[in-house]
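What follows is a set of notes on a single structure, which appears directly below.
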Amino acid sequence: MTLPSLTPLTSEPVHAPSGPPLLEASGITVRFGGVTAVKNISLAVRPGEILGLIGPNGAGKTTLFNALTGFVRASEGRVTFDGRDITHAQPQVRAKMGMARTFQVERPFEDLSVLENVLVAAFLKHRGRAAENHAYDVLERVGLADRAAQPASQLNLARRRRLELAKALALEPRVLFLDESIAGLNPPGQQEMVALIRTLAQSGLGIVMVEHIMHVIMSLSDHVICMAFGELLAEGDPHDVAAHPDVIRAYLGDDHD
Amino acid sequence: MTASVTPARPRALTFGNVWISLALIAVMAVYPLLFGKSMNFGVSTLIFAGLAMSWNLLGGWAGQTSLGHAALLGIGAYTMTILATPERVPAFLGGPLAPWWGALIGMALAALLALVWGSLTFRLRGSYFTLSTIAVALVIRLVAINSDWTGGSEGLFMPELPRFLGLDLFDRQAEYWLAFAFVILTLIITHAVRRSRLGYALQAVREDEDGARALGIDPTRMKVIAFVISAVLTALGGSLYAIYLQAFEPHTLLELPISVQIALMAIIGGRGSIQGPAIGAILLAVFGEVFRTVFANANLLIYGVLILAVTLYAPDGITGLFTRGGRKLGTAR
Ligand SMILES: Nc1ncnc2c1ncn2[C@@H]1O[C@H](COP(=O)(O)OP(=O)(O)OP(=O)(O)O)[C@@H](O)[C@H]1O
Ligand SMILES: [Mg+2]
């Protein structure tokens, strides 16, 4: 399978998320010493739902991601996944339960080939040849199959982003966290990524994505949360959030890309 | 589109370069025919080749440098010898144990030690593990020197041993083939790790622990598994070494230089390659033998020079010089 190329960006989400929330976070606060990076944020993600997270640089988006995926300890608050309390679970335990993330600064295993990078993740649910085949299938899905044998260290930025996504998808997660997977790509690359993310949501995956590019967030998200200085600024329907005076002020006062 | 048009998928799951291993095995197999008079050298070289391979499962694959493998070697040697000696074997065992049972018990003890030791130290990041290996080896050496049941500072003598599979264990020829089997075992295990989930998980952990955790891998658990395998094989090598030595004392068997020697053989040979450690052990042994006749006791000097040369000119070890693209274990074909 190849990527649906150049799908025009429609202005409305094309799918309807359903069912009870898969992931729920309530009152998440993260402090680093005296700095409060995230302050009392709550959110919920249903299967098939895309939750957009926006906010100026340093707003605490990545830190919130880290708290949800277990890479930093939340000072306050509670996270449940599929009804189970995972507030204190290790990242690898959350990954096994069905939570996958990408890193804002991509981190491929540079010594391994592209296929081997994905294989490391494919081993979570498969063994032997089945894992290898699964890894290759995922590479086909993200359009990296032709690079399978290449060392991961040789990939350019756009392909490193796709590799990040491939590794996360190879875990066969139920919720996917994407930390700026689109920013920095050229327009065709952006559109391919947008189309892929939409396909993933349609297949029932819950997605939480951080993105600076407004029109991307607007076109993809079912629900948007805007943060600034760790706090919730506005939340709701993408267009309402974009039109919110506080959000406009936060973005105008910030030299974002 | 027909299947024949579909380009072949690249493979990641391979055993690595099996040919180098087969060549190595062939060299080891013909050695007794060519150098039948130098069997002492052959046996000790092969034992250290196997020990360096065992070390590398932890030092190369898991990226955890141990400078205390002499302790694990000692556990294998002491356990087997004590249990085989009628005057030393604990009374409840009702008599001396055959060396193979003693070796297995030594391996079990080494596994248990590695399990506890690794679980405690791998949680800490950085060089804590390496420091702990020096400390644990020191403690074990002190226990061996100061206890009666270990023979104190005098050490132990190997008692009469029963025949093993019809082999006289004090015959150098028999010992050679046992050491040969030991090296092959470590090679097979390393090839198997290369192809396994464990091998890939270890490489991921070695490069980026958080990146690995995001993919559902528990770094501590993977390192502990590598350590246990390494410890079990090292203890087995220790039992063999004890038979070869016939008498040993803590000052020779449990000292830091033994640990350093095992580590250096692997590092100089190339911890990024499957067979590198064995090749390193063989090259160092040959070097030592050649230069021993030129200037006695110059081993340390040679090691020093080699370490400098390797770190300056071949940071991936000697085998790293011969692999162009694939420097590391994962891409080593
Ligand atoms: N480990 C840490 N220790 C101390 N402070 C931290 C740590 N991680 C993040 N911070 C601080 O927390 C705040 C939020 O950072 P975070 O990376 O979450 O922002 P962000 O919204 O992802 O920004 P960007 O859009 O630039 O990626 C920043 O002030 C940052 O300096
Ligand atoms: Mg960020």
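The values are calculated or read from the model by the stated rules, or taken from the named source; none is laboratory data. Note that this is a predicted model, so its numbers are computed, not measured. Because the Cβ atoms are built from the backbone with ideal geometry, glycine has one as well, and the counts that use them run over all protein chains shown. Quick note on the areas: whole protein, heavy atoms, side chains included, nothing else; ligands and nucleic acids left out. Shrake-Rupley method; radii C 1.70, N 1.55, O 1.52, S 1.80 Å.
Residues within the reach of a label modelled at B:LEU165 (point 7 angstrom out along Cα to beta-carbon, backbone nitrogen below 12 Å), restricted to region B:213-257: there are none.
Within region A:108-171, all pairs of alpha-carbon atoms sorted by distance into 5 Å bins from zero give the percentages 4, 23, 35, 25, 10, 2. Estimated translational diffusion coefficient (Stokes-Einstein, Kirkwood radius over Cα pairs, 25 °C, 0.890 mPa s) of region B:43-256: 139 µm² per second. Across region B:43-256, the mean sequence separation of Cα contacts (distance under 8 Å, 6 or more residues apart), normalised by length, yields a relative contact order of 43 percent. Close amide H contacts of A:VAL38 (hydrogens built in the peptide plane, cut-off under 5 Å, sequence separation of 5 or more or a different chain): A:VAL30. Efficiency by 1/(1 + (r/R0)^6): what FRET value for A:ASP246 and A:ARG73, r their Cβ-Cβ distance, R0 = 22 Å, to the nearest 0.05? The computed FRET efficiency comes out at 0.15. Here the extension length gained between B:SER119 and B:VAL286 equals 56.4 nm, from 0.36 nm per residue of separation less the Cα-Cα distance. Between B:PHE92 and B:LEU131, residue separation times 0.36 nm minus the direct Cα-Cα distance comes to 10.3 nm. Taking the centroid of alpha carbons for each part, region B:24-77 and region B:134-160 are 22 Å apart. Helix B:197-207 and the long axis of chain B differ in direction by around 80°, with both axes built from C-alpha atoms. In the context of the full set of protein chains, residues of the protein assembly as shown present 43 Å² of accessible surface per residue (probe radius 1.4 Å, heavy atoms only). Distant-in-sequence amide contacts of B:PHE164, defined by a placed amide H-H separation under 5 Å and a gap of 5 or more residues or a different chain, comprise B:LEU169.
Contour minus end-to-end for A:VAL35 and A:GLN104, with contour as 0.36 nm per residue of separation and end-to-end as the Cα-Cα distance? Full extension of this stretch gives 22.7 nm more.
For region A:108-171, carbon and sulfur atoms together expose 44% of the accessible surface, with a 1.4 angstrom probe and every protein chain in place. Comparing the full protein assembly with the isolated chain (1.4 Å probe, heavy atoms, ligands and nucleic acids excluded), the residues of region A:81-123 losing at least 30 square angstrom of accessible area are A:GLN92, A:ARG107, A:PHE109, A:ASP111, A:LEU112, A:LEU115, A:GLU116, A:LEU119, A:VAL120, A:PHE123. Between amide H atoms placed 1.01 Å from N, distances below 5 Å from A:SER113 occur with A:ALA152, all of them 5 or more places distant or on a separate chain.
Using the Cβ-Cβ distance between A:MET97 and B:VAL18 with R0 = 51 Å, the FRET efficiency computed as 1/(1 + (r/R0)^6) comes to roughly 0.85.
Can you figure out the FRET efficiency of A:PHE229 with A:SER203, using R₀ = 30 Å and their beta-carbon distance, to the nearest 0.05?
Values: r = 36 Å, r/R0 = 1.19.
Step by step, r from the Cβ atoms, then E = 0.25.
Computed on protein heavy atoms with a 1.4 Å probe, the accessible areas place B:SER44, B:SER66 in the order B:SER44, B:SER66, largest first. Mean-square fluctuations from a GNM of chain B, with a 10 angstrom spring cutoff on Cα atoms, peak among B:VAL143, B:VAL232, B:VAL30 at B:VAL30. Other residues within the sphere of radius under 13 Å centred on the Cβ of B:ARG125, judged by their own Cβ, net out at +1 (K and R +1, D and E -1). Cα-based values for chain A, radius of gyration first and Dmax second, are 17.6, 55 Å.
Leaving ligands and nucleic acids aside, the A/B contact buries around 2800 square angstrom of accessible area in total at a 1.4 Å probe radius.
Each 20 Å bin from 0 upward holds the following percent of the Cα-Cα pairs of the protein assembly as shown: 19, 42, 27, 12, 1. For region B:104-117, 3J(HN,Hα) computed residue by residue from phi via the Karplus equation (6.51, -1.76, 1.60; θ = phi - 60°) reads 5, 5, x, 5, 5, 5, 4, 4, 4, 4, 4, 4, 5, 4 Hz, glycine and proline entered as x.
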